[in-house]
């Protein structure tokens with residue numbers, strides 16, 4: 001259902017249910033969560049990419065799997081089912097808060113929870129065939145996996161509500177214009193392009209990048225004065241790292257730096 005590999009310091013998560021357009025099965029959540037948690041602590045992984053096999057990124061949750069009943073025939077309460085969904089949706093939190101750069105390589109439709117997972121990543125690159133669809137309204141659902149929260153931070157609140165409630169399809173060009181995609185490439189160039197982009201982060205100074213990501217997150221919640229105080233401390237901290245020393249040496253020697261892990 002899902003494949004994990006590390007190539008050139010890039011941790012790649014590929015959803016491998018192409019016959020179901022890579023819809024999420026309950027059994028996929030645990031392995032993905034454990035792998036992401038392990039990779040963020042692995043000094044040999046400098047970037048995480050989430051993508052799908054075949055011609056779809058992810059069709060969201062697989063509504064055909066499971067009846068909601070326990071093996072003994074009883075039905076969980078509303079609170080129990082909400083708690084289970086919350087635990088599954090932690091995948092969005094893990095991708096969003098990971099201290100390394102996460103990239104969604106969107107190779108086709110990203111629907112419902114699939115759209116949310118793409119938006120949870122720091123960056124998104126799309127093939128020309130990429131498109132985003134809320135999908136929840138068509139099934140009478142209100143949304144999950146942080147979809148509304150994440151979408152509202154990419155587009156305006158009114159645009160987010162329009163996309164979610166109308167269930168309209170956001171094609172790749174519009175997604176790029178709205179900020180739901182950061183890069184758009186032809187389908188034929190897609191695999192090469194996302195690997196090359198991920199490589200720039202995988203080779204970078206990981207401690208500095210983690211703190212850059214924290215600085216960007218602070219911009220949403222702190223005043224400029226408060227953010228500068230924290231930013232300044234982080235700048236001094238990174239100045240004490242081996243990566244900083246290597247960067248200075250490489251600059252003096254006019255060569256490309258070779259940074260270590262976290």
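Things to note:
Conditions (1) surrounded by fewer than 24 Cβ atoms within 10 Å (Cβ to Cβ); (2) within 28 Å of residue 210 (Cα to Cα); (3) more than 14 Å from the chain's Cα centre (by Cα), marked per residue:
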site: 89; (1), (2), (3): yes, yes, no
site: 96; (1), (2), (3): yes, yes, no
site: 102; (1), (2), (3): no, yes, no
site: 106; (1), (2), (3): no, yes, no
site: 110; (1), (2), (3): no, yes, no
site: 123; (1), (2), (3): yes, yes, no
site: 130; (1), (2), (3): no, no, yes
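- Which numbered condition residue 9 fails, given (1) at negative phi; (2) surrounded by 17 or more Cβ atoms within 10 Å (Cβ to Cβ): (1)
- Only one entry of 45, 65, 36 meets the criterion of being part of a loop (DSSP other than H, G, I, E, B), surrounded by 12 or more Cβ atoms within 10 Å (Cβ to Cβ), modelled with pLDDT of 95 or more and in the same structural domain as residue 128 (by TED's automatic domain parsing), and that entry is 45.
- Condition check for residue 221: at pLDDT below 95, within 30 Å of residue 116 (Cβ to Cβ) and surrounded by 15 or more Cβ atoms within 10 Å (Cβ to Cβ): no
- The set of residues in region 139-161 being more than 17 Å from the chain's Cα centre (by Cα), in a helix (DSSP H, G or I) and surrounded by 14 or more Cβ atoms within 10 Å (Cβ to Cβ) consists of 159, 160, 161.
- When 234, 221 are checked against the criterion of being more than 17 Å from the chain's Cα centre (by Cα) and part of a helix (DSSP H, G or I), a single residue qualifies: 234.
- Qualifying residues in region 167-190 (those that are in a helix (DSSP H, G or I) and free of Cβ contacts under 8 Å to residues at least 40 places away in the same chain) - the one surrounded by the fewest Cβ atoms within 10 Å (Cβ to Cβ): 188
- Conditions (1) at pLDDT below 95; (2) assigned to a helix (DSSP H, G or I): number failed by residue 116: (1)
The values are calculated or read from the model by the stated rules, or taken from the named source; none is laboratory data. Values in this document were obtained by computation on a predicted structure and should not be read as measured data. Note that each Cβ is placed from the backbone with ideal geometry, even for glycine, and that neighbours are counted across all protein chains shown.
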